[in-house]
Amino acid sequence: MSEENVIKNDEYFMRLAIELAMRAEEIDEVPVGAVAVRDGEVVAAAFNTRESSKCATHHAEILAIEEACRVMGGWRLPGVTLYVTMEPCAMCAGAIINARIPRVVYGCPDLRFGAFGSLIDLSAVGLNHKPEVVGGVLGEECREMLSAYFKKKR
């Protein structure tokens, strides 16, 4: 696949993640969405539900990984690209590494909690799996959505 096609695919699937993030915002959740894709097909999709579920682990990435494991029938997720609107935190980055997800694409960095380069980089600490990480895909759109949400909350 050409680099141009990869960029178009990344933007297409990030737009799906953004739609999910907007659904999270509609129920007063932090607007983060995640889409797990394999062979050009969505295998799982989720958004943050931490507030409504009252569960600290209900980040979009964790929920998408759990669904992808059910759909694919195992805890390893070979061939999956995980698209997420904001850089994963340490918990989510750890789950990504544990699930052996080969590629992660995120929108905007998370300067406070980002664990794929902004605050720390879990993919660089010598663990047995190192995903390819691509940041900044539709990053400004993702950042603006989060900024607007937090401005309304203040």
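This table checks each residue for (1) of a type outside the set (V, I, T); (2) on the phi > 0 side of the Ramachandran plot; (3) within 14 Å of the chain's Cα centre (by Cα); (4) surrounded by fewer than 22 Cβ atoms within 10 Å (Cβ to Cβ).
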residue	(1), (2), (3), (4)
N9	yes, no, no, yes
R15	yes, no, yes, yes
V35	no, no, yes, no
N48	yes, no, yes, no
inquiry  = E19 - would you say it is open to solvent by 10 Å² or more (accessible area, probe 1.4 Å), touching a strand residue (DSSP E or B) at 6+ places or on another chain (Cβ under 9 Å) and without any contact (Cβ under 8 Å) to a residue 24 or more places away in the chain?
reply    = yes
query = From the set of residues in segment 112-127 that are in contact (Cβ under 8 Å) with a residue 12 or more places away in the chain and in a loop (DSSP other than H, G, I, E, B), which is farthest from M86 (Cα to Cα)?
reply = L127
task = Return a yes/no flag: does segment 45-55 have any residue that is in contact with a His (Cβ under 9 Å, 6 or more places away or on another chain), of a type in the set (D, E) and outside any loop (DSSP other than H, G, I, E, B).
result = yes
query = In segment 58-90, how many are in a helix (DSSP H, G or I), touching a Phe, Trp or Tyr at 6+ places or on another chain (Cβ under 9 Å) and open to solvent by 20 Å² or more (accessible area, probe 1.4 Å)?
reply = 3
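The values are calculated or read from the model by the stated rules, or taken from the named source; none is laboratory data. Keep in mind that what you see is a predicted model, and the values were worked out from it rather than measured. With ideal geometry, Cβ positions are generated from the backbone for all residues, glycine too; neighbour counts draw on all protein chains shown. When the accessible area is computed, the model is the full protein with side chains, heavy atoms only, and any ligands, DNA or RNA have been set aside. Shrake-Rupley method; radii C 1.70, N 1.55, O 1.52, S 1.80 Å.
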